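Just so you know, all these numbers are worked out from the coordinates, no wet-lab data involved. Here the structure is a predicted model, which is why all the values come from computation and not from measurement. Here the Cβ positions follow ideal geometry from the backbone for every residue, glycine too, while neighbour counts run over all protein chains shown.
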Ligand SMILES: *Cc1c(COP(=O)(O)O)cnc(C)c1O
């Protein structure tokens, strides 16, 4: 077994253990493998070990990797699902709309409008999570918890997009209980939107929360999708943007 395959297996075991600990079913939490900075060969190894959903932060890097994978292993490449988890500048929306299945970092209506306009007709609607800033100052991406519902309402009317839930990147905090408490504030935003009765939320089912260091706390707090990079692929040689 390759290192990536065995680390993938260990991460899946951590998720299963966290689900058991939290009294949740093992299939209530999915794994997004964050492959930013790693090459197509690494993605291929994870895909050959059964992983299908991959997260990328840098749009051009991701588009190049997808093309390489289609050349290397067309049948497998066709089964992969790509999630954009990095910030999206206006000049990158066309590339995102053409290449990705999901966007986790939605925090402004203007970007949603561009993605809706630019999503090619032949593709399924782009699946969206609203990024929520639960703990940061004004410099951190994401909407304030109190602004999430208004953004959801504005986006719900746009064609070619499908609202799926919330995403957050809480700052690291000391201690499991403090981590769970912070993560629960993200889950609470998800629950409040779900309870709002707004139209357009037929598939509102995703809480994208938890990374290599804090996935257990995220699962305890109600994450449905953990985003794990270094735990699967190893340390990155250049940092996340
Ligand atoms: C890089 C990144 C991850 C993965 O982080 P690890 O600590 O390597 O698991 C998850 N989410 C986002 C948004 C990231 O940028």
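Points worth noting:
- For the stretch 58-191, the equivalent ellipsoid derived from the alpha-carbon gyration tensor has semi-axes of 28, 19, 13 Å in decreasing order.
- The stretch 176-241 gives an Rg/Rh value of 1.08, both radii derived from C-alpha positions and Rh following Kirkwood.
- For the stretch 122-220, alpha-carbon Rg relative to the globular expectation (2.2 N^0.38 Å, N residues): 1.10
- Convex hull volume per residue for the stretch 1-131, taking Cα atoms only, in Å³: 117 Å³
- For the stretch 43-196, averaging the sequence separation of C-alpha pairs within contact (under 8 Å, six or more residues apart) and dividing by the residue count gives a relative contact order of 18 percent.
- Two-decimal Rg to Rh for the chain - Kirkwood Rh, Cα set: 0.94
- Spatial offset of the stretch 8-47 relative to the stretch 107-168 amounts to 25 Å, using the alpha carbon center of each.
- By average C-beta atoms within 10 angstrom, highest first, the peptides 47-56, 71-80: 47-56, 71-80
- Max-minus-min Cα coordinates of the stretch 146-188 on each principal axis give 42, 19, 13 Å, with the largest extent listed first.
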